[in-house]
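These notes concern the structure reproduced below.
The values are calculated or read from the model by the stated rules, or taken from the named source; none is laboratory data. Source: prediction; values computed, not measured. Positions of Cβ are backbone-derived with ideal geometry, glycine not excepted, and every protein chain shown enters the neighbour counts. Please note that ligands, DNA and RNA were not included when accessible areas were found on the heavy atoms of the full protein model with its side chains. Shrake-Rupley method; radii C 1.70, N 1.55, O 1.52, S 1.80 Å.
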Amino acid sequence: MSFETCKDVWVFIECFQGKPKSVGLELLGQGRRLADGLKQKLCAVVIGKDVDEAVKEAGEYGAEKIYVVKDDEYENYSADGYGNVFLKLCEKYDPNTILVGATVNGRDLGSKIAVSLHTGLTADCTALSVEEETGNVVWERPAFGGNLYAQILCSETRPQMGTCRPGAFKKPEKNPDNKPEIIVEEIHTPVDEIRTKVIDFIKACEDNDMRLDEADVIVSGGRGMKNAENFAILKELADVLGGTVGCSRAAVDAGWMPQTKQVGQTGSTVSPKIYFACAISGAVQHVAGMSESGTIIAINKDETAPIFEVADYGIVGDVFEIVPALVKELKARQQNE
C-alpha cells in the first residue's frame, strides 16, 4: 500500500457476543497518541452481528471515525470472514497504522491481514511511540524471556501493524459527549468461504471467578505460598474484595495454579486498581506484568525482596498470618457498614 495515500490509525475493537473486549478500548488510548504524533485521525473497526454497544463504547473512548460491518455471518469470529472484511476496508480506505489486541483471535486476524497486505507485523507489543521525523511507529516488545526489549520499525511498507498485549495499557478517559463519524459498510462473505464453524463455547474459569484482565482487584501468590492448598487464603481475600486470584510463574511451574492465572512476562499483563503480591519475590519478569497496577501492596517476610521497590505499600511479615488477619478485619468492617 502507498506511503503517499495511506492515512489514519485504526484500532480493531474485538467483540464477544456483541460486547467489546477491554483490549480494544485500551488500544484507543494508545491509538490517540500515535494519531496525534502522525497528525492523523483515530479510527475504530467494529465487526460482528449485534455490535451497537461496541460502537457506542468505541466512540466514548475516543474514536473519531468508526467503520462498522455487521451481519449474521459475523456473529462469531472466523479468520475467513473477518479477514475478508478487514482486507476490503483496507483496500478502500488505505490505513497507515493498525493496532490489534494480542488475543487468540487478534493474533490470528493480525497475521492474516499482514500476510495478505505484504506488510510487517510486530507481535505482543507492550509500548508504542512515533518517530515524528519518519512517521514510523516504534513497536516495543519483550525478547529473551523479558530480559531485553526490542524496538521494531516497519520502515519499508504500509500499513504498519502490531498486536498489543491485553492489560499493557490503561483505558483512556471516557467521554460520552464524543460524536464520532460512523461509516457502515456492506461487506458479505459467502458461507461456503468461511471454513470454520463455532460449535460451542467452554468457559475458561468457574462461574464465580473472573479473568485476570477483567478484575479490579488481583491477589497473587508466589513460591512462598508453599503449596496449592495455601492459595485458599488468597482466594478468601480476593472474594472479600470482589477480585480474583493470580500467581507468579513459580507457582505455575510447581503445579499449584493453572497457567491462565499467571501474571508476568510469559503470562498475563494486568493493570487492576489494586494488586496484592503475596510471598512473591518480585523478579523482573513478574514485575513487567503488573507494574502498571493502580495500587500495589506487597506482603513478604524478606524485607530485601525486590517487590518492595515497586510496591506502594509494603508489609514485612508472614503471609499466613497477615492475610487471614486482613480478611477478618475487612469482613468485620463490611458487617458494620
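Structure notes:
- Euclidean distance of C-alpha centroids, segment 40-82 and segment 252-287, integer Å: 32 Å
- If you take all other residues with their beta carbon under 15 Å from the beta carbon of V191, and give Lys and Arg +1 and Asp and Glu -1, the sum is -4.
- Length-normalised contact order for the chain - Cα pairs under 8 Å, 6+ apart - percent: 15 percent
- Three-way shape call for segment 14-102 based on the alpha-carbon gyration tensor, with the a/c threshold at 1.5: oblate
- Placed amide H near K301: partners under 5 Å, 5+ positions off or other chain: G317, V319
- Degrees separating the helix 104-117 axis from the principal Cα axis of the chain, which is the longest one: 30 degrees
- Order of exposure, largest accessible area first, which applies to Y74, Y93, Y313 with probe 1.4 Å: Y313, Y93, Y74
- Helical runs assigned H by DSSP (4 residues or longer) give the chain a calculated mean residue ellipticity at 222 nm of -8500 deg cm²/dmol, each run adding -39500 (n - 2.57) before division by the residue total.
- Accessible-area rank, largest first, for E73, E14: E73, E14, with all protein chains present and a 1.4 angstrom probe.
- Take F86: with every protein chain present and a 1.4 Å probe, its accessible area is about 0 Å².
- Its Cα gyration tensor gives segment 201-261 an equivalent ellipsoid, and the semi-axes of that ellipsoid, as √(5λ) in whole Å with the largest first, are 18, 14, 10.
- Separation of the L153 and K39 label points, Cα + 7 Å toward Cβ, nm: 1.9 nm
- Rounded to whole Hz, the Karplus (6.51, -1.76, 1.60) HN-Hα couplings of segment 22-28, x for glycine and proline: 4, 4, x, 5, 4, 6, 5
- When DSSP beta bridges are restricted to pairs lying wholly in the chain, around 20% turn out antiparallel.
- Sulfur and carbon atoms: percent of accessible area, segment 27-94 [1.4 Å]: 42 percent
- The mean sequence distance of close C-alpha pairs (under 8 Å, at least 6 residues apart), as a share of the length of segment 115-166, puts its relative contact order at 43 percent.
- The charge dipole of segment 256-332, taken about its Cα centre with unit charges on the Cβ atoms of Lys, Arg (+1), Asp and Glu (-1) only, comes to about 340 debye.
- Dipole of the chain, positive end: most advanced residue of M1, G62, A288 [Cβ charges, Cα centre]: A288
- Once all protein chains are placed together, D71 keeps about 40 Å² accessible to a 1.4 angstrom probe.
- Note on surface exposure: R165, R32 rank R32, R165 by accessible area, highest first, 1.4 Å probe.
- Answer label for Rg and Dmax of the Cα atoms in Å (calculated), chosen among [x] 20.5, 63; [y] 23.5, 81; [z] 21.5, 66: [z]
- Shape category assigned to segment 263-337 from the gyration tensor of Cα positions, a/c cut at 1.5: oblate
- Mean sequence separation of contacting Cα pairs (under 8 Å, at least six apart), scaled by the length of segment 205-337, corresponds to a relative contact order of 22 percent.
- Between the helical axis of 319-336 and the longest alpha-carbon principal axis of the chain there is an angle of about 80 degrees.
- Segment 138-260 shape via C-alpha gyration tensor axes, a/c threshold 1.5: prolate
- Pairwise Cα inverse-distance average, inverted: Kirkwood Rh of segment 35-179 (Å): 16.2 Å
- Charge sum, other residues only, whose C-beta stays under 14 Å from T134's C-beta, Lys/Arg counted +1 and Asp/Glu -1: -2
- Between helix 231-241 and the chain there is an angle of about 70 degrees, using the helix long axis and the longest principal axis of the Cα atoms.
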